[in-house]
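Engineer: One structure, as structure tokens, below. Some questions next.
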């Protein structure tokens, strides 16, 4: 894909690396259940992949605005602990069924650094915006399994009843004009039906 440029083209991109083995983030999806591997390891647009698997795709906005990121996101985005950032949380639905919970975090400086359109997405897909701009560079994906105590698991369970004790997640940083945007996608049990 033309927009996905190699990290060597961006000398400061290593500071936004999403891997942190101390917090369980993995570079390769080896331990991910086989049925989920194609979903988590695909570098293309998740929105497009979901649209190709269902008759009706919809983005349901849940929360947007300035708030504190999750604890494991501060260092990744080079933010001082306690700093507020623009956070957007949405549910991606296929044929009316929630299949992915998406959580994105944009440091406040990024709102003036080219990412200002993020605040006006509403029920439009962030993925479509990210994959249509050739200036945006994506860092490598990282993966982990989250359990009930994790903030993302709690966010999902506030929206729907979960009968599982863990969920698989992937995240990556997208850079535009040197400003990072962290996108984390939590794959819900209904994704197996697709």
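Values quoted throughout were computed directly from the atomic coordinates according to the rules given, and no laboratory measurement underlies them. Nothing here was measured: the structure is a model prediction, and the numbers come from that model. Using ideal geometry, Cβ is built from the backbone for each residue, glycine included, and neighbour counts are taken over all protein chains shown.
Engineer: Do you know the relative contact order of the chain, to the nearest whole percent, from alpha carbon pairs under 8 angstrom that are 6+ apart?
Structural biologist: For the chain, the relative contact order is 26 percent.
Engineer: Rounded to the nearest Å, what's the spacing between the alpha carbon centres of region 27-71 and region 78-104? Just the number, please.
Structural biologist: When both Cα centres are located, 10 Å separates them.
Engineer: Test of understanding: what is the full-extension gain from residue 52 to residue 164, defined as 0.36 nm times their sequence separation minus their Cα-Cα distance?
Structural biologist: Value of the extension gain: 37.7 nm.
Engineer: Would you please give the FRET efficiency between residue 193 and residue 63, computed as 1/(1 + (r/R0)^6) with r the Cβ-Cβ distance and R0 = 30 Å, to the nearest 0.05?
Structural biologist: So, using R0 = 30 Å, E works out to roughly 0.70.
Engineer: Let me ask something else about it. Please report, in Å, the Rg and the Dmax of the chain, where both are computed over Cα atoms only.
Structural biologist: Final numbers for Rg and Dmax: 15.7, 44 Å.
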